[in-house]
Amino acid sequence: MIILPDEPGLSRALADCILHSASHCVSTQGRFYVALSGGSTPRAAHRLLAGEPVRSAFPWEHTSVFWVDERCVNPDDPASNYGNACRDLLDRVPIPRKNIFPMPAEQPPDLGAIEYERLLASVFELPPDAFPRFDLVLLGLGNDGHTASLFPGDPAPAENGRLVIPVLGGVPKVDRLTLTLPVLNAAAEKVFGVSGREKADAVRAVLESGETRLPASQVSGTRTWFIDMEAASKLAGTSGGGLNENGG
Ligand code: 6PG
């Protein structure tokens, strides 16, 4: 877990982490397959990736971009994760358009999920029943402990056979497509970016209280948490609160 002083510091740390991972993956395996989350937290990091000096250092030619989840809206809609990633990043860097794989958000969600599963199976050359191994999945954390579009109390987090499923929920409450937990867990690196005091309870629940029922707690393997001080404020040992000796 890496605690940053503020949101700008968090965004710089996320951008540096993604650049480092991309450079390492391209130098060792010739490619970097990354899946982006939506929401507001990653947007400043996306904009940093589109600016110098990171833009020129990034191996765009060998990078392929996918999505962790998507709201089933038009790309021009401000809620569109793909649309926002294009506006903040992908329209501003020399990544080949053929390396950008948006979720099919304008189809009926059931069909869109199947179509993206087929795309992943093709791009990753998956044998039957295998899960794609992204080099990095960039994840957020909701106030309720959700990640991707895997919401507590919804059946989606328990799905362990499919790669992509339709979900209704979140804020805004819309139809969504989301990667399933087995796909997230198959990734080489899971990087969480969390900012803001409104996330402090969820951060504490996931990172300290061991709330295993929360979807974000069920992401396993190599995880890196980038958290700003506000979001970390209820963790034991941080200023502004934290656990007392009774854990309260
Ligand atoms: C989405 C995201 C979602 C997001 C969290 C945090 O499409 O809504 O993938 O999982 O990461 O809700 O969102 P914020 O960064 O806006 O707080």
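Could you tell me whether the range 3-82 comes out rounded, prolate or oblate from its Cα gyration tensor? Rule is a ≥ b ≥ c as square roots of the eigenvalues, rounded for a/c under 1.5, then prolate if a/b exceeds b/c, otherwise oblate.
Oblate, because a/c is 1.5 or more while a/b does not exceed b/c.
Full-extension gain between LEU111 and ASP91, please, as 0.36 nm times their residue separation minus the C-alpha to C-alpha distance.
Contour length minus Cα-Cα distance gives 4.5 nm.
Name the residues whose placed amide hydrogens come within less than 5 Å of the amide hydrogen of PHE192, ignoring near sequence neighbours (fewer than 5 apart) on the same chain.
LEU139, THR224, TRP225, PHE226
Neighbouring Cβ atoms within 10 Å as the yardstick, rank SER220, SER23 fewest first.
SER220, SER23
Amide H of ALA236 versus every other amide H placed in the peptide plane: which residues, excluding those fewer than 5 positions away on the same chain, fall under 5 Å?
The answer is LEU243.
Take the Cα gyration tensor of the chain, multiply each eigenvalue by 5, square-root it, and list the three semi-axes largest first, rounded to whole angstrom.
On the way: eigenvalues 148, 97, 56 Å².
They are 27, 22, 17 Å, listed from largest to smallest.
What distance in nm lies between label points placed 7 Å from Cα along the C-beta direction at ARG118 and ASN185?
2.9 nm
What list of ³J(HN,Hα) values in whole Hz, one per residue of the range 114-131 in order, does the Karplus curve 6.51 cos²θ - 1.76 cosθ + 1.60 (θ = phi - 60°) give from phi, with Gly and Pro shown as x?
Values per residue, Gly and Pro as x: 4, 5, 5, 4, 5, 5, 4, 4, 6, 5, 8, 6, 7, x, x, 6, 8, 10 Hz.
What number, in percent, do you get for the relative contact order of the chain if the mean sequence gap of Cα pairs under 8 Å and at least 6 apart is divided by its residue count?
21 percent
Under a straight-distance cross-link criterion of Cα-Cα below 17 Å, which aspartates and glutamates are reachable from LYS199, leaving out those fewer than 8 residues away in the same chain?
By straight Cα distance, LYS199 reaches ASP6, GLU7, ASP144, GLU208, GLU211, ASP228, GLU230.
Please name whichever of PRO109, PRO132, PRO96 sits farthest to the positive end of the charge dipole of the range 89-135, dipole taken about the Cα centre and charges placed at Cβ: Lys and Arg +1, Asp and Glu -1.
Toward the positive end, the furthest listed residue is PRO96.
Here, each number is a calculation from the coordinates, and none is a lab measurement. Since we're looking at a predicted model, the values are computed, not measured. In this analysis, Cβ positions are derived from the backbone assuming ideal geometry, glycine residues included, and neighbour counts consider all displayed protein chains.
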